[in-house]
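What follows is a set of notes on a single structure, which appears directly below.
Each reported figure results from applying straightforward, stated rules to the coordinates on display, with no laboratory input. Only a predicted model underlies this, so the values are computations on that prediction, with no experimental measurement involved. Positions of Cβ are backbone-derived with ideal geometry, glycine not excepted, and every protein chain shown enters the neighbour counts.
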Amino acid sequence: MATYISLVNYTQQGIEKIKESPSRLDAVKKVYEAAGGKLLQFYLVMGRYDVVVIGEAPDDKAAAKIALIIGSKGSVKTETFRAFTEDEYRKIVAGLP
């Protein structure tokens with residue numbers, strides 16, 4: 001499976017209902033599973049972003065679906081990146097001309 005890193009910010013709605021965020025996180029885990037993926041790690045962070053999520057999905061379409069479903073709830077805005085493991089990185093570089 002492919003790895004994805006999501007940088008997350010709470011919206012005004014999300015921060016106003018922050019006490020509900022643990023149950024929203026449980027729902028997000030189910031969204032990942034329904035798309036054939038898995039939420040691997042969740043971090044509450046300080047700085048420009050509020051949360052960092054590391055997850056797996058079968059492909060980019062599944063990852064996009066996950067991000068759209070989560071964003072459509074209105075509590076967070078996400079920016080998601082495809083991340084390559086060290087092994088994937090080595091294979092990519094080894095294949096360069």
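I need a count of the residues in the stretch 80-97 that are of a type in the set (Asp, Glu) and exposed (fewer than 12 other Cβ atoms within 10 Å of the Cβ).
Counting residues in the stretch 80-97 that are of a type in the set (Asp, Glu) and exposed (fewer than 12 other Cβ atoms within 10 Å of the Cβ) gives 2.
Please pick out the residue among LYS73, LYS17, LYS77, LYS61 that is within 14 Å of the chain's Cα centre (by Cα) and surrounded by 11 or more Cβ atoms within 10 Å (Cβ to Cβ). Among LYS73, LYS17, LYS77, LYS61, only LYS77 is within 14 Å of the chain's Cα centre (by Cα) and surrounded by 11 or more Cβ atoms within 10 Å (Cβ to Cβ).
Assess whether ALA94 counts as being in contact (Cβ under 8 Å) with a residue 40 or more places away in the chain and either at positive phi or small (Gly, Ala, Ser) (or both). Considered against the rule, which asks whether it is in contact (Cβ under 8 Å) with a residue 40 or more places away in the chain and either at positive phi or small (Gly, Ala, Ser) (or both), ALA94 comes out as no.
The number of residues in the stretch 10-22 that are part of a helix (DSSP H, G or I) and under 19 Å from GLN41 (Cβ atoms) comes to 2. Residue count for the stretch 32-90, restricted to those that are within 18 Å of SER21 (Cβ to Cβ), free of Cβ contacts under 8 Å to residues at least 40 places away in the same chain and among the acidic types (Asp, Glu): 0. Hey, any hits in the stretch 74-81 for a residue that's under 21 Å from ALA34 (Cα atoms) and part of a loop (DSSP other than H, G, I, E, B)? Scanning the stretch 74-81 turns up at least one residue that is under 21 Å from ALA34 (Cα atoms) and part of a loop (DSSP other than H, G, I, E, B).
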